Structures are given as structure tokens and as C-alpha cells.
Amino acid sequence: MPDTATPVLTRKMHYMFALLDADRDGLLGADDLTAVADRMAEVFPGRPDRIHTLRDVLHRLWEDHLAHVDLGGGRLDPEAFERGIRRSVAASPVTLLETLHAGASAWLALTDVDDDGLIGLDEYLLLSQAIGGVPAQQMKEAFHRLDRDGDGTLDPAEIDAAVVEFFTSDDPNAPGNWLYGPF
């Protein structure tokens, strides 16, 4: 499989790293991923089963796709994070994408506060609080880019397509690049 390192993918991986680095110390560990779930629980309370699912997926992401590039002490810098994701894409893209789709499904279930199976703009805007306060206007733009059919909601197929594009596409104009706001 070809090397997946491109400037677009590198930017997205560094953006994702920054979102996951809960304590903003420039290093990522399993504890940062737990903190992501904790932030989601604060913004979307009363959903312990869905938080548990998200925690499980984040743990699997760490153990199966990132721990092998540990710099020591259970920590990764942005380059090691990118290297771990790229290695997983090259070695077993299906396995990584299954994990990422499970994460997106957990995220969708949490964010879907009205339980209609869709993410509306208001629900998506709540996500900005959980991922670190991306400005509402930027999240609105992201939502509209992700809403491929223009129906005012994000359905599971749109989320799945965005996940694949975010982690594999080197197209700077791919709508999925905006999955977590502007990268």
C-alpha cells in the first residue's frame, strides 16, 4: 500500500491530535482519550451507556492503533500520533476504519440528543463545546459541508463518509475534512 503521508493528511492528523490532547501538554496518552469521553459526558449528560461505548472505542483506538508508537511513558507527540494512524491505515485500513466508524457511531449516539438517528445543527453545535470550543460559525460551516444531501441533518451515511475522508483523503476540498470543524 502506498505511503499515506500528504500535507492534507498531516494537517488533519495534527488537528485531531490537538483536539484529543486534553491537557494541552503537547503529548497524547490514554488518559487524554478518557478525558475526551469525560468532556462528552459533561456536554451530553444522562447517557452513561453511550459514554461507556465511547470510552471502549477510544481505548481500542489507543491499544490497537497508537500504543505501538509510544515515545515512552505511554505518551505520543503529534508526529508519533500521525505515524501510528498512518501505519494502521497502511497495515490494515479496514481494522482502523472499523474502529473509527465505531467511534463515529458512539459519537453520533451521544450527540443525537433527540434520539431520531440524525444530527441536527443544534446538536452538532453542542459538539464544539465537547471538542474544545471551536467557534460556532466555524462549526456551522463544517455542518453544512458535511450535510451532503442538504436536508439539514447529518445521517449515519454522511458521518461514515466523513470519517473515511477525514482519515484517508488527501483532497483538500473533501467535505469529510470538516468532521470536527475546520482543520
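Given the criteria more than 12 Å from Ile119 (Cβ to Cβ) and not hydroxyl-bearing (Ser, Thr, Tyr), does Glu158 qualify?
no
If you take the residues in region 24-44 that are open to solvent by less than 30 Å² (accessible area, probe 1.4 Å) and assigned to a loop (DSSP other than H, G, I, E, B), which one is modelled with the lowest pLDDT?
Phe44
So which of His101, His59 is out of contact with any Ser or Thr (no Cβ under 9 Å at 6 or more places or on another chain) and not aliphatic (A, V, I, L, M)?
Of the residues listed, the single one that is out of contact with any Ser or Thr (no Cβ under 9 Å at 6 or more places or on another chain) and not aliphatic (A, V, I, L, M) is His101.
Name every residue in region 1-23 that is under 21 Å from Pro93 (Cβ atoms) and assigned to a helix (DSSP H, G or I), in order of residue number.
Pro7, Val8, Leu9, Thr10, Arg11, Lys12, Met13, His14, Tyr15, Met16, Phe17, Leu20
Return the residues of region 78-107 that are of a type in the set (A, V, I, L, M) and over 16 Å from the mean Cα position of the chain (by Cα); say none if nothing qualifies.
Those that are of a type in the set (A, V, I, L, M) and over 16 Å from the mean Cα position of the chain (by Cα): Ala80, Ala90, Ala91, Val94.
Could you check region 115-143 and list, in sequence order, the residues that are in contact with a Pro (Cβ under 9 Å, 6 or more places away or on another chain) and either at positive phi or assigned to a helix (DSSP H, G or I) (or both)?
Within region 115-143, Gly117, Ser128, Gln138, Met139, Glu141, Ala142 meet the criteria.
Report whether or not Gly103 is open to solvent by less than 20 Å² (accessible area, probe 1.4 Å), in contact (Cβ under 8 Å) with a residue 24 or more places away in the chain, under 17 Å from Gly176 (Cα atoms) and not charged (D, E, K, R).
yes
Would you point out the residue of region 108-127, among those that are in contact (Cβ under 8 Å) with a residue 40 or more places away in the chain and open to solvent by 20 Å² or more (accessible area, probe 1.4 Å), that is nearest to the chain's Cα centre (by Cα)?
Leu108
The values are calculated or read from the model by the stated rules, or taken from the named source; none is laboratory data. Since the structure is predicted, the reported quantities are computational estimates derived from the model, not experimental observations. Glycine also receives a Cβ, built like all others from the backbone with ideal geometry; neighbour counts cover every protein chain displayed. Surface areas here come from the heavy atoms of the whole protein model, side chains and all, with no ligands, DNA or RNA. Shrake-Rupley method; radii C 1.70, N 1.55, O 1.52, S 1.80 Å.
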